[in-house]
Amino acid sequence: MNRLTIWGRRDSFNVQKVLWLLDELALTYDWRPAGGQFGGLDDTTFRAMNPHGRIPVVLDDGEAIWESHTILRYLANKYGGEIFRASDPFARSLEERWMDWMLTTLQPDFLTGVFWSYYRTPEDKQQWDSISQKIANCADHIRLIDRQLVDRHFLCGDRLSLADIAVGVTCYRYYELDIDRPYTPHVEHWYSKLQLRAPYRNNVMLPFTHLKGRLDY
């Protein structure tokens, strides 16, 4: 099996999703720091792999794959068998729905609306009307996930799937921030199971205090 190479920075949400899955699949890979303090995103070589100049990027068999959820699907399809991808089209569509929901709903409200606008923005520049609304939106999203988890161990059933990786990557920072959160016992139980997984601890549960009050990468 050819060795994989991944470009990114370990404190990026989107990179953490990919690293989490790589370790769940026990794949070996070369790590290339890129983005933020490491730079390199405008280099000709990097732009040839991803014309958008964004991380993560994975190189496998000489081919570059970009966009975090596309990378997740690619890795699961190629290396995971049915471990992370249901064979039934309807069951697979459920995983896809949660992955899309993460990108279109949860990530904008939490990553942009809360983590960036609150945690990463200096206090004198914070706009609390907007932040409060985004915190409330996230509370609604967490309640929705809680209802999904009432009768199952993971988002799509009894096994970890790409849906859990896509959505679960936000949990660590969400529960570490000093913000109001609803009581959602099923989410908290699910989150506790994620924390028991070494790939989650090693790639997602990383210190992020160096990002506080910083609008740059």
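The values are calculated or read from the model by the stated rules, or taken from the named source; none is laboratory data. Here the structure is a predicted model, which is why all the values come from computation and not from measurement. Cβ placement follows ideal geometry from the backbone for every residue including glycine, while neighbour counts extend to all protein chains displayed. Calculation scope for accessible area: heavy atoms of the full protein, side chains included, ligands and nucleic acids excluded. Shrake-Rupley method; radii C 1.70, N 1.55, O 1.52, S 1.80 Å.
A compact table of results
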item: GluC sites (Glu not before Pro) within the stretch 67-114, DSSP loop, no more than 16 other Cβ atoms inside 10 Å; result: 67, 82
item: Stretchable slack from residue 127 to residue 147, in nm (0.36 nm times residue separation minus alpha-carbon distance); result: 4.1 nm
item: For the stretch 7-46: accessible area per residue (Å², 1.4 Å); result: 43
item: Centre separation in Å (Cα based) which lies between the stretch 143-205 and the stretch 48-106; result: 19
item: Value of [θ]222 nm, deg cm²/dmol, for the chain, DSSP H segments ≥ 4, -39500 (n - 2.57) each, nearest 500; result: -13000 deg cm²/dmol
item: Amide hydrogen neighbours beyond the local backbone of residue 8, cut-off 5 Å, H modeled; result: 32, 34
item: Accessible solvent surface per residue of the stretch 87-217, calculated while the other protein chains remain in place, 1.4 angstrom probe, Å²; result: 50
item: Carbon/sulfur fraction of accessible area - the stretch 40-118, other protein chains in place, 1.4 Å, %; result: 55
item: Residue-by-residue Karplus 3J(HN,Hα) for the stretch 13-29, coefficients 6.51, -1.76, 1.60, Hz, glycine and proline x; result: 3, 5, 5, 4, 4, 5, 4, 4, 5, 3, 6, 4, 8, 6, 8, 8, 7
item: Using a Förster distance of 30 Å, the FRET efficiency for residue 181-residue 44 (Cβ separation, nearest 0.05); result: 0.10
item: DSSP loop trypsin sites (Lys or Arg not before Pro) with at most 15 other Cβ within 10 Å: longest gap in the chain; result: 11-151
item: For residue 154, solvent-accessible area (1.4 Å; no DNA, RNA or ligand), Å²; result: 20
item: Residue (of 93, 38, 56) at the positive-pole extreme of the stretch 1-129, dipole from beta-carbon charges; result: 38
item: Farthest toward positive dipole pole in the stretch 86-217 [+1 Lys/Arg, -1 Asp/Glu at C-beta], among 211, 121, 186; result: 211
item: DSSP bridge orientation in the stretch 1-133 - percent antiparallel, rounded to nearest 5; result: 60
item: Shape of the stretch 107-217, Cα gyration tensor, a/c cut at 1.5; result: oblate
item: Only Lys, Arg (+1) and Asp, Glu (-1) charged, at Cβ; the stretch 2-76 dipole about Cα centre in debye; result: 160
item: Estimated inter-spin distance, residue 63 and residue 28, nm [label 7 Å along Cα→Cβ]; result: 2.3
item: Set of lysines with alpha-carbon distance to residue 193 below 29 Å, sequence-local pairs under 8 removed; result: 17, 78, 134, 212
item: Theoretical FRET efficiency, 1/(1+(r/R0)^6), r = Cβ-Cβ of residue 37 and residue 93, R0 45 Å, to 0.05; result: 0.70
item: Order by protection proxy (mean Cβ within 10 Å, highest first), peptides 29-36, 135-142; result: 135-142, 29-36
item: Nearest-0.05 FRET efficiency for residue 192 and residue 116, computed from C-beta distance (R0 35 Å); result: 0.85
item: Total formal charge among the other residues, if their Cβ is under 12 angstrom from that of residue 73, Lys/Arg +1 and Asp/Glu -1; result: 0
